[in-house]
Each structure stands twice: as structure tokens, then as C-alpha cells.
1. Mind listing the long-range amide H neighbours of VAL284? Cut-off is under 5 Å, sequence gap 5 or more, other chains count too, H placed in the peptide plane at 1.01 Å from N.
2. What distance in nm separates the two pseudo spin-label positions at ASP101 and LYS211, each 7 Å out from Cα along the beta-carbon direction?
3. What is the order of SER8, SER256, fewest Cβ neighbours within 10 Å to most?
4. Given 0.36 nm per residue, what is the gain on full extension from GLN195 to SER139 after removing their alpha carbon distance, in nm?
5. Stretch GLU223-ASN288 to full length: gain in nm at 0.36 nm per residue minus the Cα-Cα span?
6. What do you get when you divide the Cα radius of gyration of the stretch 149-251 by 2.2 N^0.38 Å, with N the number of residues?
7. Could you check the simple spin-label distance between HIS248 and PHE111, using points 7 Å along Cα→Cβ, in nm with one decimal?
Amino acid sequence: MSAFSSKSGAVKLALCVVLFLIALKVVVSIITKSISITAQATDSLLDLFAIGIAFLTVRVASEPADEEHPFGHGKMEGVASVVQAGLILTAVVFIVYSAIDRILHDTPLEFTTAGIGVMFVSVIASIFLSRHLQRVAKSTGSTMVDALAKNINADIYSAAGVLVGLVVVQFTKLLVLDSVIALIMSVMILRSAYQVVRRSFTELTDTRLPKEEQEALLACIKEHLARFPGFHEVRSRRAGSQRFVDLHLVMRRNASVEEAHDMCDHLEQDITDCLPEASVVIHVEPCNGGDCPVCLIVRCELRGIAG
């Protein structure tokens, strides 16, 4: 699976799996006349559009910074995630409409065994695909791949619901269950859409890094407090897998430009090791002079050497 461990590889794998599931669902939905399977096929078609958008986004977001985009293209992942959420909502509208129409017209189902088999395959395939996408999203920090994983994860619940519904219909002949299960599916999919939108907007609105990453950032800076008087104005944000950090670093007043530069380089490297793909900008300013405890220590040391 190493070939599918990158963002582009994960998207390609998702494309192959979804195309396979679409073909199965479309054929079986025609044979069985099941509205819940039809809804599933439509949901998978929307997944296909989402994967297409994701594939293009990976190529754009991974491009290096240029003259027009000096901070890179990471926010394209957030934009793609919002589009995916919109596609999920479109699927919900279709499912609800189809379920209500089935209840009103009471259309019979045929060949439910074939439908059960296809939905079982869909559940298993979606489980493996979703888990793989989640691992890739975690290792790469990609918002877009994470949104895609949530999209596929929604398919697991909806496909499982359709599977259970078809099994019950086959044994009880209660056709209304096909529509009831489809309506339950819509609620689960809406929850997934909300999670995708929430994370995407935190990036598009430059919300600071998550609490655990922010704490790790501050801890990394505080480890070096013995070498400088202090720091302030720490800001952070995220765009896709990229992280941006800037801060004000207070250096002792008699520090040379070379010393300040070396300290900044060292701190930038430590922050980058702590937060992969971080871009760090440090503004250096002098301490307030005589009241600075670090400067007092340095002066005492110099007097000791001179004595």
C-alpha cells in the first residue's frame, strides 16, 4: 500500500474503489428497483465528483509558493472540502426526496438478494478505504484527504443501513422500511457534512492551530528561555497541511546581529521539527535594558571574566 500512502496516491485509490462501487450499485438498483440502493449509487456518484475535485486540488495545493501566492496554495484544500460538503448535502436532498416518493407510491422491490450482496461488498470496501484515507490524512495533515475520508465514512453507515433494510424487507416484506432506512441515512450524512464544513472554515478564516499543536508550539519556544529574555505575540494558523507561525523574540540588548540570527535559525528549526511543514517568521526586538534578568546575568558573567 506504499504507493497509495501519499495524498495523490490515496486519491487515486479512492477513485478506483468508488468507480467499482458505482458500477455495481447502478446495475443492482435497476434490477431491484430499490430506492435506497439508487440513493447509494447517487451518493457514490457525488463521491466521484468530490474525488475529481480532490485530485485537482492535490496538484494545485502541493505547488510551491510563487509570486502571486507567496504563502503557497494550501487553502485550496479548505475550498475543496467545502465543495465536498456541498455535494454531501446534495445527496441528502436526493435521498429524502426519493424516500418520501417510495412511501407515497409503495413501489415493490425485486431480487433483494442481489441488493444485499452488493451492499455488503460496498460496506467492506468503504471501511477499508475510509481507514486508509484517515491514516494518510493524519500522516500528511491534509484537510482535503480528511474530508474525503469523512465522505467515504458516511457511505459506510448509509450502506450498512441499506443492507440492514434490505435484509429486513426480504424477511418481513415491509417495503416502507426501505424508505425509513434511507431517511435515517440522511441524518448520518448531514452529521458528516457538518464536520467537514466546520474544519474547513477554521482554516479559511485563519483560526489558530488546534489546542494540542498550540501547546506543543509554546512548549518548544519555552525550552529556550535560558537563552533569551522572553517572547510574545505568538500567532499561528493552518492551510491544508501547511502551518504558519510568527512571533516576537526578545533578545538581550547587547546581543550581536549574528547571535540573534543564530538564535532565530535554531528556534525555527526546532519549531519545524515539532510542527512539520511549518513556515516560521520571527521578529527580533531588544529587551528593556537594566531590568532584564538575562542581561544582568550576562553582565555579571562578563565582570567575572574581567576580574
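1. Those qualifying (amide H under 5 Å, at least 5 residues apart or on another chain) are LEU249.
2. Calculated label separation equals 4.6 nm.
3. SER256, SER8
4. 18.2 nm
5. 21.2 nm
6. For the stretch 149-251, the normalised Cα radius of gyration comes out at 1.86.
7. Each label point lies 7 Å from its Cα, and together they span 7.2 nm.
Throughout, read-outs are computed from the coordinates displayed, never taken from laboratory work. Just so you know, these numbers come straight off a predicted model, no measurement behind them. Positions of Cβ are backbone-derived with ideal geometry, glycine not excepted, and every protein chain shown enters the neighbour counts.
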